[in-house]
Amino acid sequence: MSDTNTGVPSLVGAPLPSPVPADEYERCPVTEVVRRIGDKWTMLVIVLLGRRAHRFNELHRGIEGISQRMLTRTLRALESDGLVDRQVFPTVPPSVEYRLSPLGRSLLTPLSALADWVVEHGDELGRAGGTETDVVGPGGGPA
């Protein structure tokens, strides 16, 4: 019987050695993806590109506090990972547009599920950690 039929999520249903070797954890593809999308700017860039394609300066103006260098690095990493497509238009000067690739679009569903979970449980998370958590609800206001 598969994990989906037993009600046990595949994440916790997979066998793990005890203790889990640190190098195995570091090499885990899930760990790597969570690190990559969990940095300061990547998730926000993915969300904005999930709404529509953007030119570089549009993205830069739309993300308060991000430097041009950091936006460039973030977009290059996303492109390298296959999550973003970059299209250069033959204009003078050349213009570049970024959009999510099909692989990047497929990431929106699990990211949305995670965001929905955080909005639903944000108060509990704040209490459990002994600190307050600011959770943004739909429309950008408090949850």
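The values are calculated or read from the model by the stated rules, or taken from the named source; none is laboratory data. Keep in mind it's a predicted model, so treat the numbers as computed, not measured. Cβ: placed from backbone, ideal geometry, glycine included. Neighbour counts: every protein chain shown.
Here are the numbers for the structure shown:
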| read-out | value |
| --- | --- |
| Residue among PRO19, PRO15 that alone is over 21 Å from THR109 (Cα atoms), assigned to a loop (DSSP other than H, G, I, E, B) and at pLDDT 90 or above | PRO19 |
| Any pair with Cβ under 8 angstrom, 6 or more apart, that starts in the range 42-68 at a residue that is within 21 Å of ASP81 (Cβ to Cβ) and among the aromatic types (Phe, Trp, Tyr) and ends at one that is at pLDDT 95 or above and surrounded by 16 or more Cβ atoms within 10 Å (Cβ to Cβ) | PHE56/LEU71; PHE56/LEU75; PHE56/TYR98 |
| Subset of the range 15-33 that is farther than 24 Å from LEU78 by Cα and of a type in the set (A, V, I, L, M) - its residue that is nearest to the chain's Cα centre (by Cα) | ALA22 |
| Pairs, first more than 13 Å from LEU49 (Cα to Cα) in the range 94-112, second not in a loop (DSSP other than H, G, I, E, B) and not hydrophobic (A, V, I, L, M, F, W, C), C-beta under 8 Å, six or more apart | SER95/ARG55; VAL96/ARG55; VAL96/ARG86; VAL96/GLN87 |
| The listed residue being surrounded by 14 or more Cβ atoms within 10 Å (Cβ to Cβ), polar (S, T, N, Q), out of contact with any strand residue (DSSP E or B) (no Cβ under 8 Å at 6 or more places or on another chain) and modelled with pLDDT of 95 or more, out of THR133, THR74 | THR74 |
| Residues of the range 35-49 that turn out to be assigned to a helix (DSSP H, G or I) and over 14 Å from ALA115 (Cα atoms), as a count | 6 |
| Condition check for ALA53: out of contact with any helix residue (DSSP H, G or I) (no Cβ under 7 Å at 6 or more places or on another chain), among the hydrophobic types (A, V, I, L, M, F, W, C) and exposed (fewer than 12 other Cβ atoms within 10 Å of the Cβ) | no |
| Meets criteria (part of a strand (DSSP E or B), touching a residue at least 40 places away in the same chain (Cβ under 8 Å) and over 30 Å from VAL12 (Cβ atoms)) for ARG86 | no |
| Residue that is closer than 14 Å to ILE46 by Cβ and either of a type in the set (Ser, Thr, Tyr) or touching a strand residue (DSSP E or B) at 6+ places or on another chain (Cβ under 6 Å) (or both), where the choices are SER101, SER95, SER67 | SER101 |
| Residue in the range 16-23 that is acidic (Asp, Glu) and surrounded by fewer than 10 Cβ atoms within 10 Å (Cβ to Cβ) present | yes |
